[in-house]
Amino acid sequence: MIRSIYWERYKKALIALCLLIIAFSAYTGYSQQRDWHYKRNDYLTNPERKQEFRESEGAMGSSYENGAVGFSSYDEFVEYHSYLFHSTQPHASNTNVPKAKDYTANEAYQSSQSRTPGLLIVVIALTGFLLFFYDQKTGFNQFLYSLSVSRKELFVKKLLYLVLPLMASVVFGKLIQAILLYVMIPQPYMNATLGQLLYSIVGFSSLIFLLFSANLLIGTLMGNIVFGPLTWLVFNWLALGIPSSVYGVFDIYSLRKGESFNNYPKNLFLIDIGKTGGYWWMSLLLLALAAGCLYWAYREYSMISLENDSDYLLSKTARWPVWLVMTTFTSFVFTININSPWQVYYSQIVHKIDFTGTIVTPIIQTIVGILFVAASCFVIVFFSSIREHLLVWQQKRLIKKELASH
């Protein structure tokens, strides 16, 4: 019965989303190999490219224009740029291009043909949020709750019949993208094995699943039709800064040791498939966090009250945990990626910039920032209670004035 109800309500949207996700990934793979062929053909047949190389090499000497520095000939220049993946580590050079079987989890490989799947990220984040929030705002939850089925079963069946096909379409789409890249770009320029491409799908899909689960949790908890979408928007804006914030911690650690360059590879978060596979334990961590979000949503869904439909949160018991998570999450991104007092402090020391401050300065800035974030989150989460207390206080004050006047 539940399956037929969900299918009747969501089948058109589900089919459209799955096809969109698969088509987007397939087109990404097609456009990547198409652009690679166009670029290589342009280098080989366009005489202007060779002339630009000679001019930059002869007239400018040490110029970095067109990447001509360090190449002994134009053929070497073309050969280097024909390889799809290159190492980002300091030891990498124009002649040290990784072969297909050359791989280490501690390296991050870059490609000029890489694509940030912006559309896919937006679709996944929005779908996760609306999966439960839309039913709450349209009154469909009232119908579901009237059925002789427990809320826990309703939640699990929605994951089974809707979320599972959606996540399967993400993986299937990336499989198509990987196969297109591997088949359409010839060897040895496709310097990644099919196994490496498939392995990167694991890390990418784990990150996407966490993004979806976090947005699903938000959609399950939110009640207010205005602040719910605003929370979704702010959360995903901050979430985009999580990778750079985590890498920023490594930057601070390197600066603290007196190193001006961070040697740690940026391969913890895979925003697309490629030669970079990341770490297996990072995939497990992302999946564990996603499972935690789903379990929290599962518990709250079974306890939410329809009476709190206009409040910020549907469940009053979730207010303190939500406040703690919001404060921690926002403070981390704000301190590392936005305010950045510690990067500034240690950078001035390492680069020997005149600096009269002490370590007290970033400590105070960090504490003030956290207190500001905590206070702001407290007002947002507990706004309904604060308003009720203010109304009660105002009524008592009016009663006292009336009594005093008599």
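Just so you know, all these numbers are worked out from the coordinates, no wet-lab data involved. It should be emphasised that the depicted structure is a prediction, and the values quoted were computed from it without experimental measurement. Note that we place each Cβ from the backbone using ideal geometry, even for glycine, and neighbour counts take in every protein chain shown.
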Degrees between helix 383-405 axis and first principal axis of the chain (Cα, 0 to 90, nearest 10): 40
Degrees, to the nearest 10: 194-221 long Cα axis against longest axis of the chain: 20
P(r) of the chain in 20 Å steps, Cα pairs, percent per bin? 21, 45, 27, 6, 1, 0
Sort the following peptides by mean Cβ neighbour count (other Cβ atoms within 10 Å, averaged over residues), highest first: 135-148, 373-386. 373-386, 135-148
Using a Gaussian network for the chain with springs between C-alpha atoms less than 10 Å apart, which of these wobbles most: Ile208, Ile370, Ile22? Ile370
Unit Cα scatterers, Debye sum, the stretch 313-370: log10 I(q)/I(0) for q = 0.16, 0.21, 0.24 Å⁻¹: -0.59, -0.80, -0.93
What ³J(HN,Hα) values, in whole Hz, does the Karplus curve 6.51 cos²θ - 1.76 cosθ + 1.60 give for the stretch 358-364 when θ = phi - 60°, with x put for Gly and Pro? 10, 5, 4, 4, x, 5, 5
For a quick protection proxy, order the peptides 238-251, 174-187 by their average other-Cβ count within 10 Å, most packed first. 174-187, 238-251
My understanding is that a pair violates if its Cα-Cα distance is over 24 Å; which of Lys152/Lys174; Lys11/Lys316; Lys11/Lys152; Lys158/Lys275; Lys101/Lys257 do that in this structure? Lys152/Lys174; Lys11/Lys316; Lys158/Lys275; Lys101/Lys257
Normalised by the residues of the chain, what does the relative contact order come to in percent, with Cα pairs under 8 Å and at least six apart? 19
Only helices counted: for the chain, with every DSSP H run of 4 or more residues adding -39500 (n - 2.57) and the sum spread over all residues, [θ] at 222 nm is -22500 deg cm²/dmol
Along the stretch 110-118, what does the Karplus equation 6.51 cos²θ - 1.76 cosθ + 1.60 (θ = phi - 60°) give for ³J(HN,Hα), rounded to whole Hz, x for Gly and Pro? 10, 9, 5, 9, 5, 10, 8, x, x
